Amino acid sequence: MASGFFILPQLSFQLVQGHTGCYRIQENGQHADQMTEVVLWGGTGHSRVLRELLSHLGMVVPAVIDNREIEAPFAGVETIRGIEGLKAWLDRRADGSIKPSYALAIGGGYGRDRLAIANDLDDLGLPPITLVHPTAMVASDAVLALGSQVLIGATVATCVRVGRCSIINSRASVDHDCVIGDGVHIGPGATLCGQIEVGDGVFVGAGATVLPRIKIGPDSTVGAGAVVIKDVPAGSTVVGVPARLQKAQ
Ligand SMILES: CC(C)(COP(=O)(O)OP(=O)(O)OC[C@H]1O[C@@H](n2cnc3c(N)ncnc32)[C@H](O)[C@@H]1OP(=O)(O)O)[C@@H](O)C(=O)NCCC(=O)NCCS
């Protein structure tokens, strides 16, 4: 294991100090080992990624919820339509006092949707789960906010903060002192050099590179493969090498 990284025991913090390994942390103080059920919101590709990870952690997905009519993504797993369907399903459960945790299986540039759905699920009293794939490396002093996901082979370096419901996707690298906002998606294989500020709702496409100390404004998109060499205005899209404005706010 690389120096500076270590495995913490399973803890129950509101903000999760860095760790490697497959730990699940819950806000309400319930010990991770006591959690077995996690409902997934979203029934497309990302739900398969998360279900595989949860299954690896020994956790069960009893239901998948989606706002749209979708084909059941998993045999034997209930598919539920929207928040009203979820409420009815929770009411029908034999032991309604035990609430499942939730994970948001919504990828792409839908970070604001993730945050809105998280608010609805929080209101229902479901605890969010924070997921770190066992092959990911998270520095001991990094902080992962609730509902964030650090997926296969990703790196989160020292003094990084990852915001609520943000995704650090497969093999992405977030280097020292980066501040990642809420509802952010750092795509597969993207590289964020040090001291970068990423606003809420940002989507950084696969394989993009962002140079040190850049600020990426809220709700902006960095195209796949872009090399960002200067600040990105809020709400805009940049693409190419070096990255140029494709769409202003
Ligand atoms: C940047 C992006 C969001 C733009 O999507 P869009 O608005 O639908 O853009 P379009 O496909 O209509 O393309 C518009 C123009 O931008 C160009 N373009 C789009 N994406 C580009 C990219 N990543 N790099 C360079 N040019 C790009 C297109 O060639 C097109 O150019 P043209 O007008 O000269 O023909 C998208 O292409 C992208 O890169 N998404 C990231 C996907 C990803 O990484 N997913 C990971 C999932 S886990």
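The values are calculated or read from the model by the stated rules, or taken from the named source; none is laboratory data. Remember, it's a predicted structure, so these values are computed and weren't measured experimentally. Glycine gets a Cβ as well: all are built from the backbone with ideal geometry, and neighbour counts include every protein chain shown.
Right, residue 223: of a type in the set (Gly, Ala, Ser), without any contact (Cβ under 8 Å) to a residue 60 or more places away in the chain and in contact with a Ser or Thr (Cβ under 7 Å, 6 or more places away or on another chain) or not?
yes
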Can you find, within segment 165-180, the residue that is nearest to the ligand (Cβ to nearest atom) among those that are in a loop (DSSP other than H, G, I, E, B) and crowded, with 22+ Cβ neighbours inside 10 Å? 169
Please determine, by comparing only the residues of segment 209-223 that are of a type in the set (S, T, N, Q) and closer than 20 Å to residue 113 by Cβ, which one is nearest to the ligand (Cβ to nearest atom). 221
Residue count, segment 229-249, condition within 13 Å of the ligand (Cβ to nearest atom) and in contact with a Lys or Arg (Cβ under 7 Å, 6 or more places away or on another chain), comes to 3
Any chance residue 32 is modelled with pLDDT of 95 or more, crowded, with 18+ Cβ neighbours inside 10 Å and not assigned by TED's automatic domain parsing to the domain that holds residue 163: no
Taking segment 185-203, which residues are hydrophobic (A, V, I, L, M, F, W, C) and within 13 Å of the ligand (Cβ to nearest atom)? 186, 190, 202, 203
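Identify, from the list 206, 226, the residue that is outside the structural domain of residue 115 (by TED's automatic domain parsing), surrounded by fewer than 19 Cβ atoms within 10 Å (Cβ to Cβ) and within 12 Å of the ligand (Cβ to nearest atom). Give the derivation first.
Numbers: 226 fails: surrounded by fewer than 19 Cβ atoms within 10 Å (Cβ to Cβ).
Answer to the check: 206.
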Can you tell me which of (1) free of Cβ contacts under 8 Å to residues at least 60 places away in the same chain; (2) of a type in the set (A, V, I, L, M, F, W, C); (3) surrounded by fewer than 22 Cβ atoms within 10 Å (Cβ to Cβ) is the one residue 162 doesn't meet? (3)
With 132, 179, 198, 184 as the choices, which residue is on the phi < 0 side of the Ramachandran plot and out of contact with any Lys or Arg (no Cβ under 9 Å at 6 or more places or on another chain)? 184
Among the numbered criteria (1) touching a residue at least 40 places away in the same chain (Cβ under 8 Å); (2) away from the ligand (no atom under 16 Å from the Cβ); (3) assigned to a helix (DSSP H, G or I); (4) under 27 Å from residue 218 (Cβ atoms), which one does residue 120 miss? (1)
Kindly list, by first and then second residue, each pair from a residue in segment 43-72 that is part of a helix (DSSP H, G or I) to a residue that is within 15 Å of the ligand (Cβ to nearest atom), limited to pairs with Cβ atoms under 7 Å and residues at least 6 apart or on different chains. 45/107; 46/105; 46/106; 46/107; 47/105; 49/151; 50/105; 53/133
Out of (1) closer than 20 Å to residue 117 by Cβ; (2) touching a Ser or Thr at 6+ places or on another chain (Cβ under 7 Å), the one residue 168 does not meet is (2)
So which of 147, 125 ends up being more than 16 Å from the ligand (Cβ to nearest atom), buried (at least 23 other Cβ atoms within 10 Å of the Cβ) and part of a loop (DSSP other than H, G, I, E, B)? 147
Check on residue 134, away from the ligand (no atom under 16 Å from the Cβ), more than 9 Å from the chain's Cα centre (by Cα) and either under 21 Å from residue 48 (Cβ atoms) or not assigned by TED's automatic domain parsing to the domain that holds residue 224 (or both): yes
